[in-house]
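Read the structure below first, then the notes.
The values are calculated or read from the model by the stated rules, or taken from the named source; none is laboratory data. This one's a predicted model, so the numbers in the text were calculated from it and none came from an experiment. All Cβ positions, glycine included, derive from the backbone under ideal geometry; neighbour counts span all protein chains shown.
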Amino acid sequence: MDRVGFIGLGNMGRPMASNIRRKQFPLAAFDLNPAAVAALEALGAEAAPDVATLARGADVVVTMLPGPREVSATVLGPVLGNIRPGSVVMDMSTVDPETTDALAAACAAKGVGFVDAPVGRLAAHAERGESLFMVGGSAADVARMRPLLEAMGTTVHHCGGPGAGTRAKLVNNHLAILLCQLNAEALSLATAFGLSLEAILPVLHGTTATNGQLAVNWPNKVLKGDTQPGFAIDLAHKDLSLILGAANAARVPLPMAAAGREAFSLARARGMGGRDFSAMLDAQCAAAGVEPPRLT
């Protein structure tokens, strides 16, 4: 069984690493937040004093970090500076294709396998071990990582070679994030029209207008008044910026993504960046001058 080093214990990383440990994988963990590391220690994981020490003792290093800058600094620095040839780096962060491609090339030059496996679904799914993974990598490296992925989730999609997982995640998040803005506009309009959620939601769920955000996420978050971040508006804005950058590089126009990012920029300007991205409903209702609707 591979010895796993896990770097990044945020809203998604901590439950994912916890599920790896619950499946009895030898696990060392590192995060800048001591409380997050202590939670893993309570499950029997080892607390690594730094990334270099973690990399030296691991067969697989997993990174789940906020963005390209943090991932590049961690992997291209202390991880590849200390990991042994024949090991594997698996980055599960949401980054741009350019970053993923650079990591894959650097790992190959070091004789280290590389898999990009960003995560689908929500933090609540990660807690329950029900995440979905979009995976890029060689068949051999993905097969080696599959037991780890299955310890953290229920669904593994091998999308292609290195970099395919990252690209699939940007496509997925393009839809998932913009749906929040579309739902926010629709429900603020319904509220301005005097329609209750009890009246409009069955209509929307009964037609092709329905979507996973409105049907699955929102009833458990903003519609019941919970805007604590599972996936924050700040991170959604970051992902839209990555999506637009990658699309521009590929010469693919995305006018809806550009407009959506500006809506998220407005929410951040209102001081809402730390709220769950379903709170785009509250931002939109504030702009429209109506009270945010809630399920009773």
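Some observations on this one:
- Count - residues of segment 270-286 that are in contact (Cβ under 8 Å) with a residue 24 or more places away in the chain and part of a helix (DSSP H, G or I): 9
- When C285 is tested against (1) farther than 29 Å from G10 by Cα; (2) in contact with a His (Cβ under 9 Å, 6 or more places away or on another chain), only condition (2) is not met.
- Single residue of segment 2-19 satisfying the filter (not aliphatic (A, V, I, L, M) and not in a loop (DSSP other than H, G, I, E, B)) that is surrounded by the most Cβ atoms within 10 Å (Cβ to Cβ): F6
- Search result, residues across segment 143-167 that are within 16 Å of the chain's Cα centre (by Cα), in contact (Cβ under 8 Å) with a residue 40 or more places away in the chain and within 19 Å of V112 (Cβ to Cβ): G163, A164, G165, T166
- Looking across segment 202-222, the residues that are part of a helix (DSSP H, G or I) and of a type in the set (V, I, T) come down to V203, V216, V222.
- From the options A140, A102, A109, residue that is surrounded by fewer than 24 Cβ atoms within 10 Å (Cβ to Cβ), without any contact (Cβ under 8 Å) to a residue 40 or more places away in the chain and closer than 18 Å to G67 by Cα: A102
- Flag if N183 is at pLDDT 95 or above, of a type in the set (S, T, N, Q) and either surrounded by fewer than 21 Cβ atoms within 10 Å (Cβ to Cβ) or within 30 Å of R22 (Cα to Cα) (or both): no
- Residues (assigned to a helix (DSSP H, G or I) and aliphatic (A, V, I, L, M)) located in segment 30-71: A35, A36, V37, A38, A39, L40, V51, A52, L54, A55, V71
- Of everything in segment 208-244 that is under 20 Å from A263 (Cα atoms) and of a type in the set (D, E), the residue that is surrounded by the most Cβ atoms within 10 Å (Cβ to Cβ) is D239.
- From the list S188, S196, the one residue that fits, being surrounded by 21 or more Cβ atoms within 10 Å (Cβ to Cβ), at pLDDT 95 or above, farther than 28 Å from V119 by Cβ and polar (S, T, N, Q), is S188.
- Selected residue (criterion: farthest from I243 (Cα to Cα)) from residues of segment 147-201 that are among the polar types (S, T, N, Q) and part of a helix (DSSP H, G or I): T191
- Q228 meets each of the listed conditions (1) over 17 Å from the mean Cα position of the chain (by Cα); (2) part of a loop (DSSP other than H, G, I, E, B) apart from (1).
Conditions tested, residue by residue: (1) modelled with pLDDT under 95; (2) of a type in the set (D, E); (3) touching a Pro at 6+ places or on another chain (Cβ under 6 Å).
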residue	(1), (2), (3)
V37	no, no, no
E41	no, yes, no
A47	no, no, no
V51	no, no, yes
P68	no, no, no
V71	no, no, no
A117	no, no, no
L122	yes, no, no
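- Within segment 20-55, being touching a Lys or Arg at 6+ places or on another chain (Cβ under 9 Å) and surrounded by 14 or more Cβ atoms within 10 Å (Cβ to Cβ) holds for F25, P26, L27, A28, A29, D31, A36, A39, L40, L43, A45, A55.
- From A190, A139, residue being closer than 29 Å to G81 by Cα and small (G, A, S): A139
- All positions within segment 112-137 that are closer than 18 Å to T94 by Cβ, in contact (Cβ under 8 Å) with a residue 60 or more places away in the chain and not in a helix (DSSP H, G or I): V119, L122, S131
- Among the residues of segment 252-269, none is identified as surrounded by 14 or more Cβ atoms within 10 Å (Cβ to Cβ), in a loop (DSSP other than H, G, I, E, B) and free of Cβ contacts under 8 Å to residues at least 40 places away in the same chain.
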